[in-house]
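Beneath this line is the structure, given in structure tokens, with notes to follow.
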Amino acid sequence: MARTALVTGVTGQDGAYLSQLLLEKGYEVYGLVRRSSHSEVDDHRLRWLGIHDDVRIVDGNLTDLSSLIRVLREVKPDEIYNLGAQSFVKASWDQPIVTASVTANGVLNILEAARFEAPSARFYQASSSEMYGLIQEPMQSETTPFYPRSPYAVAKLYGHWITVNYRESFNMHASSGILFNHESPLRGLEFVTRKVTRTAAAIKLGLASKLEMGNLDAKRDWGHAKDYVRAMWLMLQQDKPDDYVVATGETHTVRHMIDVAFKRVDLNPDDYLSINPKFLRPAEVDVLLGDATKARNQLGWTPEISFEALISEMVEADLVRLRRTI
Ligand code: NDP
Ligand code: GDP
């Protein structure tokens, strides 16, 4: 019989790629979608991957425990992937309480629902390298102390520790993936890579004329979402639940990422680039660099898509999408 998975955050970047992977593996995939003022489900990412008719949509909200209980009672999943979150760091200073209630308390809600309705389901929590914040070691691994630097990161830290606690308290198969930044053509437009690749494509097509940025010196360990969702699945296939860092082990400045994107369209970024203070943050994470040795050794996971190939694919996809609008 086909295994059943419930994916929260199914309309997001990782939800789309993970659903694609699970469908390819023969799972029945249910995606949790929260109601908004318009009745249509925002399934543009699922459509981009051609899987919008294959994912079964269920209504619920991570802030509403009773909706999660109902969904788990109906779906009875073998695996739960908790990807739903207020996921944008910058927005977490503008909406800290929403961020706490979805990104922190939402994890507790779904763990509680799982404890009562699906106690033998395997559980994945989408933790984040942002938890390292003001880094305490030059390369961050599962044993590096955390030092969160935003309301988002503080909320993620709660989600991480409550997952560990439910594993230890209730013997649940609950794993936490500490994923470093991962991008793709499906990344939200507000995140730095997608903002840059889309703007580079728009300038090339004569649809934009400037690129306004924040801190160009920040460094990130950027991987491809398609590689990273494979690590999520692998974690839930292990006999024992555990925590894993997922990263490439390479770090690049925002400035270098801009250079790579603009080179792809044969433009000089300095002709368009300026700094706008509105994109600076009250507290910054200067550098992230992950050590994924444990994931490599225990899960057999390695990333397959290089940084240059990732940025190139993103620029290419943005050119395709923007050409359709001309
Ligand atoms: P996205 O921002 O693309 O997707 C977030 C998803 O969460 C959306 O589907 C959104 O739904 C959903 N959501 C938001 N609030 C609620 C709620 N109250 N109830 C139910 N669903 C909700 O994120 P990504 O796909 O990039 O990331 C997936 C997860 O991994 C997130 O938890 C993120 O914080 C975490 N993460 C991401 C990293 C990255 O680099 N991408 C790095 C490390 C961790 P809607 O469409 O309705 O807004
Ligand atoms: P984050 O690591 O989850 O915060 O992912 P982002 O893609 O939002 O930001 C990555 C880094 O890029 C952060 O250090 C930001 O300060 C930096 N950055 C510089 N300019 C911008 C910008 O215009 N938008 C965003 N989102 N980030 C920027």
Within region 199-215, is there a residue that is in contact with a helix residue (DSSP H, G or I) (Cβ under 6 Å, 6 or more places away or on another chain) and within 15 Å of ligand 1 (Cβ to nearest atom)?
no
Tally of residues being buried (at least 17 other Cβ atoms within 10 Å of the Cβ), more than 16 Å from ligand 2 (Cβ to nearest atom) and not in a helix (DSSP H, G or I) across region 270-304:
4
Candidate set from region 78-90 (those that are farther than 28 Å from Y27 by Cβ and within 10 Å of ligand 1 (Cβ to nearest atom)); member that is surrounded by the fewest Cβ atoms within 10 Å (Cβ to Cβ):
F88
Condition test on L267, is it open to solvent by less than 80 Å² (accessible area, probe 1.4 Å), touching a helix residue (DSSP H, G or I) at 6+ places or on another chain (Cβ under 9 Å), touching a residue at least 24 places away in the same chain (Cβ under 8 Å) and more than 26 Å from Y147 (Cβ to Cβ)?
yes
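So which of R34, R73, R56, R47 ends up being more than 13 Å from ligand 1 (Cβ to nearest atom), at pLDDT 95 or above and under 18 Å from G188 (Cβ atoms)?
Just one listed residue meets the conditions, R47.
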Picking from E74, E28, the residue that is loosely packed, with under 14 Cβ neighbours inside 10 Å, acidic (D, E) and on the phi < 0 side of the Ramachandran plot would be E74
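So if I check each of V29, V10, V41, which one is modelled with pLDDT under 95 and more than 16 Å from ligand 2 (Cβ to nearest atom)?
V41
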Residue check, F180 within 15 Å of ligand 1 (Cβ to nearest atom) and under 24 Å from Q237 (Cβ atoms)
yes
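The values are calculated or read from the model by the stated rules, or taken from the named source; none is laboratory data. Computed from a predicted structure; not experimentally measured. Don't worry about glycine lacking a Cβ; one is built from the backbone with ideal geometry, like all the others, and counts go over all protein chains shown. Keep in mind that these areas ignore ligands, DNA and RNA; they rest on the heavy atoms of the full protein, side chains included. Shrake-Rupley method; radii C 1.70, N 1.55, O 1.52, S 1.80 Å.
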